[in-house]
1. Any residue in region A:341-353 that's within 15 Å of residue A:414 (Cα to Cα): show its pairings with residues that are in a helix (DSSP H, G or I) at Cβ separation under 8 Å, as long as the two are six or more apart or on different chains.
2. Taking the conditions exactly as written (more than 27 Å from residue A:782 (Cα to Cα) and either out of contact with any helix residue (DSSP H, G or I) (no Cβ under 7 Å at 6 or more places or on another chain) or at pLDDT below 90 (or both)), does residue B:172 satisfy them or not?
3. Name the residue, out of A:281, A:335, A:307, that is in contact with a helix residue (DSSP H, G or I) (Cβ under 8 Å, 6 or more places away or on another chain) and farther than 26 Å from residue A:455 by Cα.
4. So which helices (runs of 4 or more DSSP H) are wholly in region B:1-120 and hold at least 3 residues that are closer than 30 Å to residue A:788 by Cβ?
5. When the residues of region B:71-91 are narrowed to those that are over 23 Å from residue B:112 (Cβ atoms) and facing another protein chain (nearest Cβ under 8 Å), which ends up surrounded by the fewest Cβ atoms within 10 Å (Cβ to Cβ)?
6. Only one of these is in contact (Cβ under 8 Å) with a residue 40 or more places away in the chain, surrounded by 20 or more Cβ atoms within 10 Å (Cβ to Cβ) and assigned to a helix (DSSP H, G or I): A:375, A:420. Name it.
7. If we keep just the residues of region B:4-26 that are touching a residue at least 24 places away in the same chain (Cβ under 8 Å) and within 24 Å of the chain's Cα centre (by Cα), which is farthest from the other protein chains (Cβ to nearest Cβ)?
8. If residue A:668 meets every condition in (1) assigned to a loop (DSSP other than H, G, I, E, B); (2) closer than 19 Å to residue B:133 by Cα apart from one, which number is that one?
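The values are calculated or read from the model by the stated rules, or taken from the named source; none is laboratory data. A quick note: this is a predicted structure, and the numbers were derived from the prediction, not measured. With ideal geometry, Cβ positions are generated from the backbone for all residues, glycine too; neighbour counts draw on all protein chains shown.
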């Protein structure tokens, strides 16, 4: 029994070691208890050479040990040295088995029998110390492991990887280089993984590098095999090694034994903590992943802060100065007051915990606007989300009459339709009085929608109402739409899914809220595509109105979300609103006429089908070449290269051709760009005009190149200074005229320290006059069109 | 949606050219100069200035084409106007000469200009006709893919021929090693090769009487026939692409020569005034 420490820190991960370093530096008596013989076991067990990210970028690091993105080895070395440098009191091989409180003093019992006394305890044990294990016979056999240290250590083995999360897939891909790998996925698809990993695993499966069992569960593990329960019955897979990556959960039993309460029985639930990270047991603090903050930087900041709180110094969180700057234009500008006001006034933000709200606000912009200021314009391509804190904004619902305005007050949100559909803004929004609004980027909102249920529910309900009001029943008061909206539901479809089939009974209709569909009909035993329907339109009303079976089949052209509206609710709405009824019927007649015309031109339908198959349907601006006009002069490529530092972003010759319509390899500026989904420095943006471009903060990681299904992004060295012909001729400077700027190309030309960056079509934004490729086409063969214009392309060519 | 250069902007530049031509012809018919009509009358000078200006403007197209990302007018506008006004130039220059031809520097200019214009018309014919033929010939495959398929067939051919008699093997190997696509401009333009080793190998295998290796022979034959068909299409592809370019080797040098002759023509006219 020794002295009583001021602080005992359990776990030496990023949070724990940051706390210990700060305690050591501030001269607070402390002990850092680590179960293993090294620091930060979770990161120690990362795959060798793994690149560790330092997100979120905007968050400053506040700790007495440094940390920046880099290789696992570099980071661990750095921490070891610094912990030694500050003379932190680390006790290795100290597995804490129990924490009890005796009056004002905690007693920590260790596995080796020792007992440590401390006035305060910081639990920084994370989740990884408690990996989920297989729960079947044979789970403890020696060839079953739950971690993978160095994938290159295994060679010519047959390895079964269980678990299709990010960790499992990263392991499987790394192992597949020199082993036969079989991946076991419990569900029928890869649902919860990063986009980059999805691309990698899909490619690996296509190439045959990895074999997958979907919808399979482990039944039993034998000496050299694994027995699976699959959809088609039991399967026995012979293997040398089994690696199970099943995630981790809070070591609940231990945490509860310390007296800490969990909010519910859910396996994934985490203990609740106060804003000073104190649990329901006074003096017992929880930081890092166990408290719900899994990022390294967050945990390190919390480690620093928790020591300050314990010694009685209530410092503001690390992001305080950033938020102060964000709120500088507000009166009063006190961060805590503003956050409290936001939480009280705006229902969408209400259910976020304090740290989530701070994060959301860090990503958002604060706009203080005078009456009449425009927030965004109709047809802009922006996709951020807005919330109103004070004052009112007006939505101009009629494009031709700006005086028709719907006013939204404090607490309301708008701009969610651009967020969902990725299409142009459907209305102009102006400040109706002096107001304060927050603009939150699409990425942040999507993360919140995925992680916070109540945010999604609130958004969905209001969004359905707005979408119905905008696209289906303009001018109909909300009260009349209540019945319809309440019974409506959101349905999701994947590319090629049938939304409804010809001959089905028609008892509902769909309003397409994102994505697009094709309408086809069976004529003479063959499917003829009649039309392409982009988001913002409704389908399936024909069968409803005529009380007949479906006259056509509607398929999703790519990932599509619809609002499914019940037929009865829609009919009763029509009965109450004669103008709406007249509008819908007029559209109905128009559609019948258009369908008849298209049936006479099956060729046009084939072209639509071809373009959809090429993924053009999700584009907003597509380069199409009419091969009957193209003289193969490649002036388009030359123009692209000349206007973009010598690198052409389009490959005219590559890409498929149907009839005389050629889709070259060139960016389509997708409505939900795949390339944007996983960009670490957030360097890919979309302008209000719709162009998707990459800015100078690109780090050349290649995620976007992999994520683009159309292979239109390439990694290239940044453009060099262009030397004129004489400096090349006389001094050998730069590449020869017309020669590509290759790394160490002819003349030993060297790019030096420069690294490759991602380049793609930016639609020649910044160059007056529009896309250079189109303007440089001498014969008018190259054309940029949006999918809405397909029909005219198809009709002309057909 | 896509619009050919000929009908571009509802024939805007055709209309311009027609107006220019009609006005020139009209005035030429009305005008009663002293003596025979020639370049020295007031109308002759006017038409000469227009023709000279047109020549310089037409030649500027070569520079404009290579200036990327500049100007408000699209290149298609330029080309459409280049074609119609270039055609009108033939008429205006002829009127300017008053139909006088002789063995002198002035007529050399006229001949050079006419060669340039006619080669341009040939080029236009190629531009209008061949893209479609090119696309039809490719049947949705790119040249690269076709070459890839040939490489694959060659691998098969080599493998099958290895098990067969020496003469067949030699013919097959020759097909995989010595078959040429493209070559000189003339070879490209011909579009076929009467000494094609692949055709010869196919003939040899077809006419071979030896009864051995029946199945291999058939396998070899089908591959050689497939390769021959691909070669035919690739050679046609090369031929058409060559045609789309080759006329420029007349059009461009002659247009430069025309400009040089134009300068000489103008200088001599004023020198001997």
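1. A:347/A:458; A:348/A:455; A:348/A:458; A:348/A:459; A:349/A:342; A:349/A:343; A:349/A:357; A:349/A:360
2. In short, no.
3. Values: A:281 fails: in contact with a helix residue (DSSP H, G or I) (Cβ under 8 Å, 6 or more places away or on another chain); A:335 fails: farther than 26 Å from residue A:455 by Cα.
So the residue among A:281, A:335, A:307 that is in contact with a helix residue (DSSP H, G or I) (Cβ under 8 Å, 6 or more places away or on another chain) and farther than 26 Å from residue A:455 by Cα is A:307.
4. Those helices (runs of 4 or more DSSP H) span B:8-30, B:75-97.
5. First pass over region B:71-91, keeping only residues over 23 Å from residue B:112 (Cβ atoms): B:71-77, B:80.
Filter again for facing another protein chain (nearest Cβ under 8 Å), leaving B:71-72, B:74-76.
Values: B:71: 14, B:72: 8, B:74: 18, B:75: 26, B:76: 23.
Within region B:71-91, the match that is surrounded by the fewest Cβ atoms within 10 Å (Cβ to Cβ) is B:72.
6. Values: A:375 fails: assigned to a helix (DSSP H, G or I).
That would be A:420, the only listed residue that is in contact (Cβ under 8 Å) with a residue 40 or more places away in the chain, surrounded by 20 or more Cβ atoms within 10 Å (Cβ to Cβ) and assigned to a helix (DSSP H, G or I).
7. So the residue we want is B:17.
8. (2)
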